[in-house]
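A.B. asks: Let me begin by handing over the structure; questions about it come next.
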Amino acid sequence: PSDSLIASVGFVQRNAINENGRFVFSMRDPASRFISSAKHEFRVTTASVVPTQEVLSREVAQSITNRTSAPVRTSAYHKTIAQLEAVIPPQQIFYMFFEDLFEQSKIDELCDFLGVSRWPADFDKTVNADQAPSLRLPDGEFSGVVDSLTEVYETIFAKFGDRVPAAWHASYARRSVAHA
């Protein structure tokens, strides 16, 4: 079966548990998500914490060409949204952006959607932090990641308009097409 079919069946099964269930789909800037996923895959497959610049560049390049790689799949928000919306009523879906998770007002919106009491978020607590935050791709390689995710960015911009965080627009502006 296709990944799309498996995802749709999974959403249907989860919804069957509670027909009034809520689905929260959080999205992070696709290029940042892609690179983070590549770093994570490196840690999982090598049991090493931090790749070198050369290794990260190689991992990212391989992931771009392998359209079924974890970084490609985890950054394909447009596909997940299509699968989710095909089987879940819109009033049961809450879309949020990772970059907004650090604002109390957004946490309040999420609590309201879930039907739970609002609570003050602890923005000082870091969970699952990047083990190599200073390790970045060179501009040309970052542009290549963004280029590979153009459809994702354009779909999200069209769907969510002004709600899309500035970080997404900044990454999208770095695509190689913008520099041509």
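The values are calculated or read from the model by the stated rules, or taken from the named source; none is laboratory data. The structure presented is a predicted model; accordingly, all values stated were derived computationally and were not measured. Glycine also receives a Cβ, built like all others from the backbone with ideal geometry; neighbour counts cover every protein chain displayed. Just so you know, the surface numbers come from the protein's heavy atoms only, side chains and all, with ligands and any DNA or RNA stripped out. Shrake-Rupley method; radii C 1.70, N 1.55, O 1.52, S 1.80 Å.
A.B. asks: Out of all the residues in the range 29-51, which are at negative phi, free of Cβ contacts under 8 Å to residues at least 12 places away in the same chain and in a loop (DSSP other than H, G, I, E, B)?
C.D. replies: The answer is Ser48, and nothing else.
A.B. asks: Moving on to the next point. When you scan the range 19-27, do you find a residue that is crowded, with 18+ Cβ neighbours inside 10 Å and modelled with pLDDT of 85 or more, even just one?
C.D. replies: Yes, the range 19-27 has at least one match.
A.B. asks: Across the range 143-156, which residue is nearest to Lys39 (Cα to Cα) among those that are touching a Lys or Arg at 6+ places or on another chain (Cβ under 8 Å) and open to solvent by 20 Å² or more (accessible area, probe 1.4 Å)?
C.D. replies: It comes out as Asp147.
A.B. asks: Moving on to the next point. Being assigned to a helix (DSSP H, G or I) and farther than 26 Å from Ser57 by Cβ is the filter; apply it to the range 157-177 and report the residue that is most open to solvent (accessible area, probe 1.4 Å).
C.D. replies: Filtering first and then ranking leaves Asp162.
A.B. asks: Taking the stated definitions as given, is Thr126 open to solvent by 50 Å² or more (accessible area, probe 1.4 Å) and modelled with pLDDT under 95? Quick ask: steps written out before the conclusion?
C.D. replies: Details: open to solvent by 50 Å² or more (accessible area, probe 1.4 Å): yes; modelled with pLDDT under 95: yes.
Yes, satisfied.
A.B. asks: Can you name the number of the only condition in (1) closer than 26 Å to Ala173 by Cβ; (2) in contact (Cβ under 8 Å) with a residue 60 or more places away in the chain; (3) open to solvent by less than 20 Å² (accessible area, probe 1.4 Å) that Leu84 fails?
C.D. replies: (1)
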